[in-house]
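Okay, so here's the structure we're looking at.
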Amino acid sequence: MTERKTSIIPFLLLCLIGFIALFGSYLRMPVMPLYAASLGADSAQVGIINGAFMLTAGLLSIPAGLLADRIGRKIPVVAGCFAITISTLLVPFCHLPVQMAAAYILFGAGLAAFAPGMLSLVADVTPSDKFGQAYGWYTTAGYFAMTIGPAIGGFLAKSFGLREVFFVSGGLSLAATVLAVTILPDGIPRHKSDLRSIWGSILELMRNRFLQACLIATVGSCIGFGVFLTFLPLFAVSNGFDSSQVGIVFAAQALTNVVCRIPIGIVADKIDRRWIVAAGLLLLALALGTLGGAAHLRYMVLCATVLGVGMALIYTAVGALIAEQVPPLQRGLAMGMYHSCVFLGMMSGSTAMGIALKRLSYRYCYTLSGGVALLALIFFLLLLRGSSHR
């Protein structure tokens, strides 16, 4: 009980910093394509700007996580918040799309430094028997910020202008930076080692079957989620839906995803978390597999709701499972791998479907993305077959 009391305040501070940082970052998401277009960017260049951000975040998350294990969690988190701040405040002064792409590369680097350290700190300040609840609350704060951020960003852009949104976003990121410097807990003591032992620890970590299974589940689910987020508006419009109806479908997924995480986290502390991840992958596969055949709004909303439940199941339990099964001194690297799989999976899904749509219909593409989630479920279960749960 004492351990829980001493860890609750640092944990709440983590949730606060995570909410502010992600809210500020996602505030500018709906504004970026419009501002890039005002600089003369075409649709391909807008895609390159967004892709540069996601690729950078995916590639740098692993070294950032490794750094969090070696020098402590706080320094990478603070540096990440500061990089996000600078990148945001640079955008209003860009005059060419290539300049905006450079600013978004810095944004991706900042997010890569921020996320693994924060995910590691959640486990560092939380008793192991409360990992499910901790990741339920933390991911709820983050996903809620990612959900309302774009909506408020669009409202601010309409009321005050596109450039002004970036200044508000940068101000919030700066506030997160100041909070991280002043109140962020340090986490576990840092440890130093030479390059040879670092490489050995990476190889040792990659032999962890629980981590392998969690990374496969993450990639498989994010491929499908990337397909859903990127192409749902085009698919819905092709079926005769208007923009307000598209918003209802997105809202159904987002609301379900947010609301379900805390109760799922409570359950994840009472049962084997592997079955929660497996259930989430199964629901995700079913939702994506049937989404392509949804011709009516109520069926599309139902698919989005099931998808939201599946995402909440997967990501609440995966975070807790990685934190539980990986040694504390390697959590930063493990969370970096996890964060890398999130961004590279989403980017791969949207890119692959964009290519596939030249030959296949939306229905077949969504069915294929559901098949990828089902394949991830099979590999997840095979890897953990016979493994004992800590």
**Prompt:** Is it true that some residue in the range 293-308 is of a type in the set (Lys, Arg), more than 20 Å from Gly371 (Cβ to Cβ) and crowded, with 16+ Cβ neighbours inside 10 Å?
**Reply:** no
**Prompt:** What residue, of Ala109, Ala113, Ala101, Ala123, is touching a Pro at 6+ places or on another chain (Cβ under 6 Å), in a helix (DSSP H, G or I), surrounded by 18 or more Cβ atoms within 10 Å (Cβ to Cβ) and in contact (Cβ under 8 Å) with a residue 40 or more places away in the chain?
**Reply:** Ala113
**Request:** List the number of the failed condition for Leu96; all other conditions in (1) crowded, with 20+ Cβ neighbours inside 10 Å; (2) over 21 Å from Ala21 (Cβ atoms) hold.
**Result:** (1)
**Prompt:** For residues in the range 1-28 being surrounded by fewer than 17 Cβ atoms within 10 Å (Cβ to Cβ) and at pLDDT 80 or above, which is farthest from Thr88 (Cα to Cα)?
**Reply:** Ile8
**Fill in**
Contact list, first residue from the range 143-160 and closer than 14 Å to Ala252 by Cα, second anywhere and surrounded by fewer than 16 Cβ atoms within 10 Å (Cβ to Cβ), beta-carbon distance below 8 Å, six or more apart or interchain, is Thr147/Leu255
**Item:** Filter result for Arg298 (of a type outside the set (A, V, I, L, M, F, W, C) and either within 30 Å of Asp129 (Cα to Cα) or in contact (Cβ under 8 Å) with a residue 40 or more places away in the chain (or both))
**Value:** no
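Residues checked against (1) of a type in the set (A, V, I, L, M, F, W, C); (2) buried (at least 21 other Cβ atoms within 10 Å of the Cβ); (3) more than 25 Å from Ser238 (Cα to Cα):
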residue	(1), (2), (3)
Ala334	yes, yes, yes
His339	no, yes, yes
Ile355	yes, no, no
Lys358	no, no, no
Ser369	no, yes, no
Ala376	yes, yes, yes
Leu381	yes, no, yes
Arg385	no, no, yes
**Item:** First in the range 338-359 and in a helix (DSSP H, G or I), second anywhere and among the charged types (D, E, K, R), Cβ under 6 Å, 6 or more apart
**Value:** none
**Message:** Out of the residues in the range 196-245 meeting the condition of being of a type in the set (Val, Ile, Thr) and more than 30 Å from Tyr299 (Cα to Cα), tell me which one is modelled with the lowest pLDDT.
**Reply:** Ile198
**Item:** Met118 being surrounded by 19 or more Cβ atoms within 10 Å (Cβ to Cβ) and over 16 Å from the mean Cα position of the chain (by Cα)
**Value:** no
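So for the range 182-192 (the condition being of a type outside the set (Asp, Glu), part of a helix (DSSP H, G or I) and either surrounded by fewer than 16 Cβ atoms within 10 Å (Cβ to Cβ) or at pLDDT 85 or above (or both)), does at least one residue qualify?
Yes, the range 182-192 contains a residue that is of a type outside the set (Asp, Glu), part of a helix (DSSP H, G or I) and either surrounded by fewer than 16 Cβ atoms within 10 Å (Cβ to Cβ) or at pLDDT 85 or above (or both).
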**Prompt:** Which residue pairs have Cβ atoms closer than 6 Å, lie 6 or more positions apart in sequence or on different chains, and pair a first residue in the range 271-294 that is assigned by TED's automatic domain parsing to the domain that holds Gln253 with a second residue that is of a type in the set (Ser, Thr, Tyr)?
**Reply:** Leu284/Ser221; Leu288/Tyr366; Leu288/Ser369; Gly289/Thr367; Leu291/Tyr366; Gly292/Tyr362; Gly292/Tyr366; Gly292/Thr367
**Request:** Specify the residue that is surrounded by the most Cβ atoms within 10 Å (Cβ to Cβ); the eligible residues are those in the range 36-52 that are more than 20 Å from Phe93 (Cβ to Cβ) and without any contact (Cβ under 8 Å) to a residue 24 or more places away in the chain.
**Result:** Gly47
**Request:** Residue by residue through the range 59-93, note down the ones that are surrounded by fewer than 22 Cβ atoms within 10 Å (Cβ to Cβ) and either of a type in the set (Phe, Trp, Tyr) or touching a His at 6+ places or on another chain (Cβ under 9 Å) (or both).
**Result:** Arg70, Phe82, Phe93
**Prompt:** at pLDDT below 90, within 16 Å of Ala176 (Cβ to Cβ) and of a type in the set (Lys, Arg) - does that describe any residue in the range 53-71?
**Reply:** no
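The values are calculated or read from the model by the stated rules, or taken from the named source; none is laboratory data. This is a predicted model, so every value here is computed, not measured. Cβ sites come from the backbone with ideal geometry, for glycine too, and all protein chains shown count toward neighbours.
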